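Reviewing the structure listed below.
The values are calculated or read from the model by the stated rules, or taken from the named source; none is laboratory data. Computed from a predicted model, the values in this text were never measured in an experiment. Using ideal geometry, Cβ is built from the backbone for each residue, glycine included, and neighbour counts are taken over all protein chains shown. When the accessible area is computed, the model is the full protein with side chains, heavy atoms only, and any ligands, DNA or RNA have been set aside. Shrake-Rupley method; radii C 1.70, N 1.55, O 1.52, S 1.80 Å.
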Amino acid sequence: MTPHWSEQRGALKAWLLTNLRVLIGCDFDGTLAPLVDFAGDACLPAATRAVLQRLISLKGVTLAFISGRPLDDLLLRVGLAGAFYAGNHGLEIAGLDGKAIVAPGAVDSMPMLRAVKTELTRQMAQLAGVWIEDKELTFSVHYRLADPACHAEIEERVRQGVAEAGSSLVARSGKLVWEIRPANAWDKGAALRLFMQHLQLPSSAAAFIGDDTTDRDAFRELPDGWTFYVGDGAGTDSRANLRDVEDCAELLEWIADARGGSPALH
Ligand SMILES: [Mg+2]
């Protein structure tokens, strides 16, 4: 059973006080911002934005926001300077200099992605409560508002659409969403690894917080770092659990206090 983060305070504090530099990666939806029915309605709570700003200003602390949202959208919603950002589950990356790079191979897959998206858009139009979000390098089939009796049919159509594209695309399931993306391209783990390499930090000096399937790609990169799963962590490989978005904000406050309170790190 994965422990709640509050039971790990001693080890976490030791980690914060013994590493001169740390990288803390966060997913956005369901981790920093409450989940909403429509992706366009999500927003970062003001108190969470304030604690993130406080963490960025601490010496030796770097933040990385790694989300399934398109990079532009993520940058707009978080809007904090001095952090790393990765969108589209790691396919688009912006470094501390703000320059964006796109994963090799992701652009090549776009014609196939568009063809599958057009076909699935046509098919899903018959199903109430399903909508497709175009994220350029990937697309999402959201079914949060669909009748649960239709879930199996949605999955079948998604899997069939992707299978018809050969091996160039994959479908991954998230929380009442299917993500269709290029196969064999950067994921959240690859983005986190690139940021660690850029900072020349070992995985033991990094943490990641996330609430969904694709966040586990980032967890895998941190076998000796800190991994936090938001939600029921049964069956996940995280080192600690968070109850919900509010609990995540509390953890971030606690980290800022623990790290900020050490005179050695100023
Ligand atoms: Mg999430």
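Observations on the structure shown:
- In this structure, residue 107 and residue 250 have a Cβ-Cβ separation that, at R0 = 41 Å, corresponds to a calculated FRET efficiency of about 0.55.
- At 1.567 mPa s and 4 °C, Stokes D of the chain from Kirkwood alpha-carbon radius, µm² per second: 68 µm²/s
- Charge dipole (debye, nearest 20) of the chain; +1 at Cβ of Lys and Arg, -1 at Cβ of Asp and Glu: 760 debye
- Around residue 42: net Lys/Arg minus Asp/Glu count, Cβ-Cβ under 11 Å: -2
- Solvent-free Debye calculation, one equal scatterer per alpha-carbon of the stretch 110-182: log10 I(q)/I(0) at 0.26 Å⁻¹ equals -1.28.
- Separation in nanometres of the label points that stand 7 Å from Cα toward Cβ, at residue 243 and residue 72: 3.9 nm
- The three principal axes of the Cα atoms in the stretch 132-266 give end-to-end lengths of 58, 32, 27 Å, sorted in falling order.
- Legend: residue pairs 13/135; 117/175; 13/175, Cα-Cα distance threshold 28 Å; pairs beyond threshold, 13/135; 13/175.
- Integer Hz, Karplus 6.51/-1.76/1.60 couplings in order for the stretch 213-228, x for Gly and Pro: 3, 6, 5, 5, 4, 6, 4, 4, 6, 10, x, 10, x, 9, 10, 10
- Cβ-derived FRET efficiency at R0 51 Å, residue 57 paired with residue 147, nearest 0.05: 0.60
- Taking a point 7 Å out from the Cα of residue 11 in the direction of its Cβ, the residues of the stretch 213-233 whose backbone N falls within less than 19 Å of it are 216, 218-233.
- Residue 156-residue 170 pseudo-label distance in nm [points 7 Å out on the Cα-to-Cβ vector]: 2.5 nm
- Of all accessible heavy-atom area on the stretch 202-255, the percent that carbon and sulfur account for (1.4 Å): 45 percent
- Computed lengthening from residue 200 to residue 183, 0.36 nm per intervening residue step minus Cα-Cα distance: 3.4 nm
- Spin-label model, residue 36/residue 20: points 7 Å from Cα along the beta carbon direction are separated by 4.2 nm.
- Peptides 210-217, 63-70 ranked from most to least packed, by the mean per-residue count of other Cβ atoms within 10 Å: 63-70, 210-217.
- Helix axis angle, 188-199 relative to the chain longest principal axis, alpha carbon, degrees: 40 degrees
- Average accessible area per residue (Å²) across the chain - probe 1.4 Å, nucleic acids and ligands excluded: 44 Å²
- Calculated from backbone phi, Karplus (6.51, -1.76, 1.60) coupling profile of the stretch 55-71 in Hz, x at Gly/Pro: 5, 4, 7, 6, 5, x, 10, 10, 10, 10, 9, 10, 9, x, 5, x, 4
- When the solvent-accessible area of the stretch 110-182 is split by element, carbon and sulfur atoms take up 52 percent of it, the probe being 1.4 Å.
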